[in-house]
1. Report yes if ARG44 is closer than 22 Å to ILE112 by Cα, surrounded by fewer than 17 Cβ atoms within 10 Å (Cβ to Cβ) and touching a Ser or Thr at 6+ places or on another chain (Cβ under 8 Å), otherwise no.
2. Report, by residue number, each residue of region 251-290 that is over 22 Å from GLY223 (Cα atoms) and touching a residue at least 24 places away in the same chain (Cβ under 8 Å).
3. Could you please find all residues in region 245-263 being aromatic (Phe, Trp, Tyr) and touching a strand residue (DSSP E or B) at 6+ places or on another chain (Cβ under 7 Å)?
4. Tell me which residues, restricted to region 187-206, are in contact (Cβ under 8 Å) with a residue 60 or more places away in the chain and either surrounded by fewer than 16 Cβ atoms within 10 Å (Cβ to Cβ) or within 21 Å of the chain's Cα centre (by Cα) (or both).
5. If you check GLU172 against the conditions, is it outside the structural domain of GLY53 (by TED's automatic domain parsing), at pLDDT 95 or above, farther than 25 Å from GLU51 by Cβ and acidic (Asp, Glu)?
6. Of ALA319, ALA315, ALA227, ALA302, which residue is crowded, with 19+ Cβ neighbours inside 10 Å, at pLDDT 85 or above and over 30 Å from ARG127 (Cα atoms)?
7. Only one residue in LEU145, LEU177, LEU159 is on the phi < 0 side of the Ramachandran plot, among the aliphatic types (A, V, I, L, M) and in contact with a Pro (Cβ under 9 Å, 6 or more places away or on another chain). Which one?
8. For region 6-26, name all the residues that are part of a strand (DSSP E or B) and surrounded by 14 or more Cβ atoms within 10 Å (Cβ to Cβ).
Amino acid sequence: MIIRFGIGLANSSFAVCGVDESEHIALRKMLNRKQLLHFFANQRPTVVAMEAGCGAHHWARELRALGHDARIIDPRLVTPYRQQGRTGKNDANDAAAVCEAAGRPTMSFVPIKSLEQQAVLMVHRRRRSIVAEHTRTANQIRGFLAEFGVVVPKGVQILKQRWPELRRQYAEQLPELAWRELDALHSRLRELHIQTLAYDRQIKGFVRVDQRAQRLASINGIGSITASAIVTTVGNAREFKNGRQFSAWIGLPPRQYSTGGKPRLGKISKRGDPYLRTLLVHGARSELMYTPRRKDGKFKWAENLKARMSWTKTAVALANKHDRIAWAILANDAKPLLT
C-alpha cells in the first residue's frame, strides 16, 4: 500500500513516485495534465508532496479538495535527496527526491496559499517590478547626464527636485536629440511614480478590510505594505511552532557552523521569501533613525545594539524582532504591542 506520493511538476507532463510502508518505491508513472487529478481521485487519501514553483499552490488546492494531504517543499530542501544515490537529474528522480524529502520528520513545508492570497501577492509583485523599473530609469538618466559631464547626486528625489534646474542650466550645452531622449525618460519616471502610488493605495485598501493586517501595520517598523505582504504570504501563522521557527522560515537568523560546543554564527540564512525579508529589513532601517528619541524597551535595546555593531546588523536584528512580534499577533490573536 502506498503511503506517500511525490510529484515532479511541469507544464504538461508530471512524474509521479509512490512509496510503501517500507519506504521502497512502489510506483513510477508519467501523467499528462488531464490525467493527474483523475489518477489521484482514484487513490486513497494520503500525503502528496511537490516542489514549490509555478502552479504548485494550484495543484495543492486541487489535491486537498480530493481529500489528500498536499504539501509543498522548498526546492533547496529537496536538492540533497535528489543528489543522494541517484545519477543525473530527470523528472523521475525529481519525483523520487520530493517523495523522500516529504517523509523526513523534521522537514518544513511551504504554507499553501488561497486564491485570494495569490491575487493580493500579484499586486505586490507588480508593484515591486514597477519600483525596480523606477529606480532603473532614474539611474539611467543620471548615467546619461554624467556622460555629458552633468553629475547629479544619488537619490531619486534629488533628481526629481533638480530636474527643472538642470533642464534650464544645460539646455544649450546638450544636443537637442539628447534632451529629447532624456525628457522621454523623465516622463516615464513620472508615470512609474504615479503607478507606484496607485498600487500603494490599492494595498492600503486591502489592509483596511483585514483586521490582522491592521494590527500588524500599527507596529512601528511594519507599515501597510509589509503588513499586507506578511498576512498574504504566511496565511495561517499557527503552522509555525513559534516565532523562532517563523523567523527561520523568513531567513533572518544567522547560519550556524558549530562544533565541539563552540557556537559559530555566520551571515543570515536568506531562506523563505526574499521580498518579505527585504520589507522587514527596510522597515527596521527606517525605525533605527528614530530610536534615540524613544524610551521603550525595544528601542533602548536597539540603541545598545547599535553602539556595539554596524547599522546593517542592527537593522537585521530589529527586523528579526519585528517578525517574531508579527507571528505572536497572528498566531496567538494577541493585541498589537505598543512599539
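The values are calculated or read from the model by the stated rules, or taken from the named source; none is laboratory data. Given the structure is predicted, the values throughout are model-derived calculations rather than measurements. Cβ placement follows ideal geometry from the backbone for every residue including glycine, while neighbour counts extend to all protein chains displayed.
1. So ARG44 does not fit the description; no.
2. ILE268, ARG271
3. TYR257, the sole residue that qualifies.
4. THR196, TYR199, ASP200, GLN202, ILE203, PHE206
5. Here the answer is no, as GLU172 does not meet what is asked.
6. Being crowded, with 19+ Cβ neighbours inside 10 Å, at pLDDT 85 or above and over 30 Å from ARG127 (Cα atoms) holds for just one of ALA319, ALA315, ALA227, ALA302, which is ALA302.
7. LEU159
8. If the condition is that a residue be part of a strand (DSSP E or B) and surrounded by 14 or more Cβ atoms within 10 Å (Cβ to Cβ), then GLY6, ILE7, GLY8, SER13, PHE14, ALA15, VAL16, CYS17, GLY18, VAL19, ILE25, ALA26 are the ones that fit.
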